[in-house]
Each structure stands twice: as C-alpha cells, then as structure tokens.
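**Q** One structure follows; several queries about it will come next.
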Amino acid sequence: MTGKGAGMSDSTTVSTKMPSDQRKAQIIRAATELFAKAGYVGTSLRDVAEQCGMTKAALYYHYPDKESLLKAVVEARMTRLNNRMDDALEACGSDDPIERMRAFLISCAELIDEDRSGWVVGSRIFWSIEAMGDREDMVRLRDTFEGKLRTEVERAMAQGILRQENVGMVTRLLLSWLNYIPRWHRPGGKLSAAEVADEFLRLSLAGLRA
C-alpha cells in the first residue's frame, strides 16, 4: 500500500514496506530539501514525515529528534563531498597546486548545480551543530574537506607561485565566494556555476600571485 502526505509529489510516494536503508535515504533527501528552503528552525519533524508520506511516529523510529536528523543530513552530505573531492583531485592528473585548486573548486561548483539543496544545507546551516553535544564527527568531516584545499594553497605558497599570506585566511576566502554562489546564481543562466567558480578563481589568483 502506498501513502501520500500533504504537499508530497508523486515522485516521493513510497511503499510503507520500504527497506530501512532506503527509507533513511529518503528521509535525508526530504530533510535536506526542507532545511534548505525553510532552515533548520523553520522545519519540523512533521514536515519531513509528510514529505516522505509517513507518520511522525514512524519517523521517530529512524531519527528520534531533529538534532539526530540534522546530524545525518550533514554527515551524508559531507561524506559525499569528501569522496567527490578525492575523485576530482585524483582525476586532475597534475601535481601543479593551482590546477589542483581549480579541480577542487570546479568540482564543488558542479556539485552546486547537481545538488543545490545539499550545498545550501552544508554551507548555511552548518552553524546549527555548534550547540550540539555530539558534533565531533561532523566537524572532522568539515575539516577534512577544507584541509584538501588548504593543502594545495600551502603548496602553492611554498613553491613561490602564490605570495606568502595566511594560509587559513586564503582558504576561507576561496570557500567564501564558493559558498556564496547559490545565493545569487540561477541554473540555466549565462554562466554555469562551474564557469562562475573558474572566473572567481582567476580574479582571486590575480591578487595572490607572487
């Protein structure tokens, strides 16, 4: 038997006998979309349950509170992001730190186009975990992601390609404009998110070249 919650599209109508792992994946997708649209505070567990076509009590079986659901959303997104960056850096085929920085940032921008809701959740409401007691795993995943870019910035400075500046500040500069792209960029516009990222990188490097 299938059920359909209020405001749920046909694509999210599912069997109540959905396997647990598939149900969790569906809940995480729905929560990601709702957190991106209404924010963490503005989204209730009832909203997520309705989006998934399930009762609130059934949702509690998988995620007993909103904090545990947020943690699952952030961990899923950051794990995917780190795997994506590993693949992008491996596929770069160059040891040039600038090319590796470009590969990292362009791959991030492509993911923005593919999963805008996931990116918005990761970049805008990551601060929501600061008040959570069990946040070490999420912080570690975030630091791993940022560390991949920081390593290439540091290498570029060590090789004299970029002038010596605070490595952490430069890394945050690059990630700041990357995270800002979804706030104004619209899919189908004149430039893709990847093209915007490439241009922002060019402008950033123009002020950082040794």
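**Q** Looking at the stretch 101-210, which GluC sites (Glu not before Pro) are DSSP coil and have at most 14 other C-beta atoms within 10 Å of their C-beta? Please list the in-between numbers first.
**A** Values: sites: E110, E114, E130, E136, E146, E152, E154, E165, E195, E199; in loops: E165.
Those that pass, being in a loop and sparsely packed, are E165.
**Q** Against the longest principal axis of the chain, how steep is helix 20-38, in degrees 0 to 90 to the nearest 10, with axes from Cα atoms?
**A** With rounding to tens, the tilt is 70 degrees.
**Q** If Lys and Arg each add +1 and Asp and Glu each add -1, what is the summed charge of the other residues whose beta carbon sits under 11 Å from the beta carbon of V48?
**A** Here the charged neighbours net out to +1.
**Q** Measure nothing but the geometry: give the 0 to 90° angle between the long axis through the Cα atoms of 97-114 and the longest principal axis through the Cα atoms of the chain, rounded to 10°.
**A** Approximately 30 degrees, to the nearest ten.
**Q** Sticking with this structure for a sec: Could you tell me which of rounded, prolate or oblate describes the stretch 86-210, using a ≥ b ≥ c as the square roots of the eigenvalues of the alpha-carbon gyration tensor, with rounded for a/c under 1.5 and, failing that, prolate when a/b is larger than b/c and oblate otherwise?
**A** oblate
**Q** To the nearest whole percent, what portion of all C-alpha pairs in the chain is separated by more than 21 angstrom?
**A** More than 21 Å apart: 58 percent of the Cα pairs in the chain.
**Q** Only Lys, Arg, Asp and Glu count, each charged at its Cβ (+1, +1, -1, -1), so figure out the dipole size of the stretch 75-206 about its Cα centre, rounded to 20 debye. Provide the component values of the computation, followed by the final result.
**A** Working: 19 positive and 23 negative charges, 98 e Å.
The calculated dipole for the stretch 75-206 is roughly 480 debye.
**Q** Further question on the same structure: In a Gaussian network model over the chain where Cα atoms closer than 10 Å are linked, find which of D87, D21, D113 has the largest mean-square fluctuation.
**A** D21
**Q** Return the subset of K37/K190; K24/K190; K37/K71 for which the Cα-Cα distance in this structure is over 28 Å, preserving the input order.
**A** K24/K190
**Q** Let me ask something else about it. If exposed trypsin sites (Lys or Arg not before Pro) are those in a DSSP loop with at most 13 other Cβ within 10 Å, what is the longest stretch of the chain that has none?
**A** It works out to 18-162.
**Q** Each residue of the stretch 73-82 in order: what ³J(HN,Hα) in whole Hz does its phi give by Karplus 6.51 cos²θ - 1.76 cosθ + 1.60, θ = phi - 60°, with x for Gly and Pro?
**A** 5, 5, 5, 5, 5, 6, 5, 4, 5, 5
**Q** Still on this model: Using modelled amide H (1.01 Å from N, peptide plane; none on Pro or chain starts), what sits under 5 Å from the amide H of L162, excluding residues fewer than 5 places away?
**A** Hits under the 5 Å cutoff: M157, A210.
**Q** State the extension gain, in nm to one decimal, for the chain segment bounded by L191 and L205, taking 0.36 nm per residue of separation less the distance between their alpha-carbons.
**A** Fully extending the segment from L191 to L205 adds 3.1 nm.
Throughout, read-outs are computed from the coordinates displayed, never taken from laboratory work. In this text, all values refer to a predicted model and were calculated from it rather than measured experimentally. Note that we place each Cβ from the backbone using ideal geometry, even for glycine, and neighbour counts take in every protein chain shown.
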